[in-house]
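Please read the structure below before turning to the comments.
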Amino acid sequence: MTADVNKIAQDAINAIAERIKNLNRLNIIVAGKTGVGESTLINAVFRDKMAETGIGRPVTDHMRKITKKGVPLCIYDTRGFELGKEVQNDVKREIADTISRGLAANDINEAVHCIWYCINTASNRIEPEEIQWLREISRENELTQVPIIVVLTQSFSEANAQEMRKTLMEENLDIIQVVPVLAESYEIKGLGTAPAYGLDVLIQVMEEALPEELMDTLQNVQIASLKSKKLRAQAAVATAALAAAGEGAAPLPFADCAMMIPTQLGMIASITVIFGFNVSKSIITALLSSTIGSGGATVLGKTVVSNILKLIPGAGSVLGGAISAGTAGVITAALGEAYIGVMELVFKGDMSLDDLSTSKGREAMKKLFRRKLKESE
Ligand SMILES: Nc1nc2c(ncn2[C@@H]2O[C@H](COP(=O)(O)OP(=O)(O)OP(=O)(O)O)[C@@H](O)[C@H]2O)c(=O)[nH]1
Ligand SMILES: [Mg+2]
């Protein structure tokens, strides 16, 4: 059985599209006084500059819904918090109503999954009315139990932030965490720059608070923690490598190596979803042809496999005409790691998405793939 790169790349693109279509939507309510840095926070945590794309659609008097096509995320942005007790009560009721409506829909895509309440650390104190409000919203939320996270924004003074965090924690509020962040680096005149921090912690807290059905979505939409993306992508690779090893358990004749391909495509789709990039067919073609198959030749055909085997320490003789379970796993793992490696380069801005289908991208993939094979003892 032979399979050409073009067809397999198309299958991969279809698998990716299917996975993206099936992602559940993550719904977050963001509240806090005006100017605390909500928009800056949202744009630093999520891809596609959600908070800049227009004003959103009003859903209640003090709440608008921000969505963007192609991003499985909905942010309910509340307004008018600074306008006094009456409006704060209205906001509280609107939040409770939105939570109830979401629950009534009985659909994970409509449920509110999390509340971020933002307080500006630079303001140096927490208003008693804010603590009171948090207490009241917690009470409203007693049965619904939507996780509430307090985000201390603009925490360029880490000492102040820790002090504030301590004060809040001592209030025994029904909140799951208080997370100090500096969403964007901050220049302090004459003193230099305070680098951004804390957003990765916020992602970690979200990972712990949200159900498994939202984990792919969270990674897909967040841009604040490369580490989180990589961990989830590496788990997908480990699963696929195990599956491929299972498929090769009965020593896989070279000619049947294509059997592993659906497993590998699933893995590529997972990694793509986790990184949230718009990956084209030419990128997948470049990935496949620079690793497990060459241009016009077959993917995982006999020659290719023989060449790969030469690189794997202890893979055994090619003369047997078959690859072992372990080798099938190793090839799959190396393919996955190589793909994660180039996704990381794009994430960090060391390479553009377009670069990936050029010789520069192919070289990088080939190098990563070979390195992983050699490491696989
Ligand atoms: N350097 C730096 N500036 C920040 C940060 N967060 C907020 N700011 C600044 O604080 C100001 C207000 O931030 P926004 O993100 O617009 O605040 P907001 O809460 O969305 O404000 P409204 O939408 O007007 O209620 C802007 O000038 C931001 O540049 C941050 O983490 N770092
Ligand atoms: Mg704003």
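The values are calculated or read from the model by the stated rules, or taken from the named source; none is laboratory data. Remember, predicted model here, so these are calculated numbers, not experimental data. With ideal geometry, Cβ positions are generated from the backbone for all residues, glycine too; neighbour counts draw on all protein chains shown. Ligands, DNA and RNA are stripped out before the accessible areas are found, and what is left, the full protein with its side chains, is counted by its heavy atoms. Shrake-Rupley method; radii C 1.70, N 1.55, O 1.52, S 1.80 Å.
Couple of notes before you dig in:
- Helical runs assigned H by DSSP (4 residues or longer) give the chain a calculated mean residue ellipticity at 222 nm of -16000 deg cm²/dmol, each run adding -39500 (n - 2.57) before division by the residue total.
- Accessible surface area normalised per residue over the stretch 1-110 is 49 Å², counting heavy atoms of protein chains with a 1.4 Å rolling probe.
- For trypsin sites (Lys or Arg not before Pro), the sites in the stretch 42-73 that DSSP calls loop and that have at most 14 other Cβ atoms within 10 Å are K69.
- Net charge dipole size for the chain [Lys, Arg +1 and Asp, Glu -1 on Cβ; Debye, nearest 20]: 1480
- Under 5 Å, built H, 5+ apart or other chain: amide partners of N120: T153
- Beta bridges from DSSP with both residues in the stretch 25-221: antiparallel share about 40 percent, rounded to the nearest 5.
- Sorted largest first, extent of the stretch 41-136 alpha carbons per principal axis (Å): 40, 31, 20
- Based on Cα atoms of the stretch 1-160, Rg over Rh with Rh as the Kirkwood radius reads 1.10.
- Take every Cα pair under 8 Å whose residues are at least 6 apart in sequence, average their separation, divide by the length of the chain, and the relative contact order is 19 percent.
- The HN-Hα couplings worked out from phi for the stretch 109-118 by the Karplus form 6.51 cos²θ - 1.76 cosθ + 1.60 (θ = phi - 60°) are 6, 9, 5, 7, 9, 5, 10, 9, 9, 9 Hz, whole numbers, x standing for Gly and Pro.
- G293 long-range amide H proximity, modeled H, under 5 Å: L300
- Candidate aspartates and glutamates for bridging to K372, where Cα separation is under 12 Å - those fewer than 8 sequence places away on the same chain excluded: E337
- Accessible surface of the stretch 25-221, 1.4 Å probe, proportion on carbon and sulfur as whole %: 47
- D (Stokes-Einstein, µm²/s), Kirkwood Cα radius, the stretch 96-252, 1.002 mPa s at 20 °C: 118
- Distant-in-sequence amide contacts of F156, defined by a placed amide H-H separation under 5 Å and a gap of 5 or more residues or a different chain, comprise nothing.
- Pairwise centroid distance, computed over Cα atoms, of the stretch 174-193 with the stretch 53-130, Å: 22
- The overall shape of the stretch 104-196, judged from the alpha-carbon gyration tensor, is oblate: a/c is not under 1.5, and a/b is no greater than b/c.
- Global size of the chain as Cα Rg and Dmax, reported in angstrom: 24.4, 81
- Antiparallel DSSP beta bridges within the chain, percent to nearest 5: 45
- Lys pairs under 27 Å by Cα in the stretch 25-221, provided they are eight or more residues apart or on distinct chains: 16
- Signed unit charges on C-beta, dipole axis of the stretch 25-221, positive-most listed residue V146, A44, T217: A44
- Other residues with beta-carbon under 15 Å from the beta-carbon of A286 carry, at +1 per Lys or Arg and -1 per Asp or Glu, a net charge of +1.
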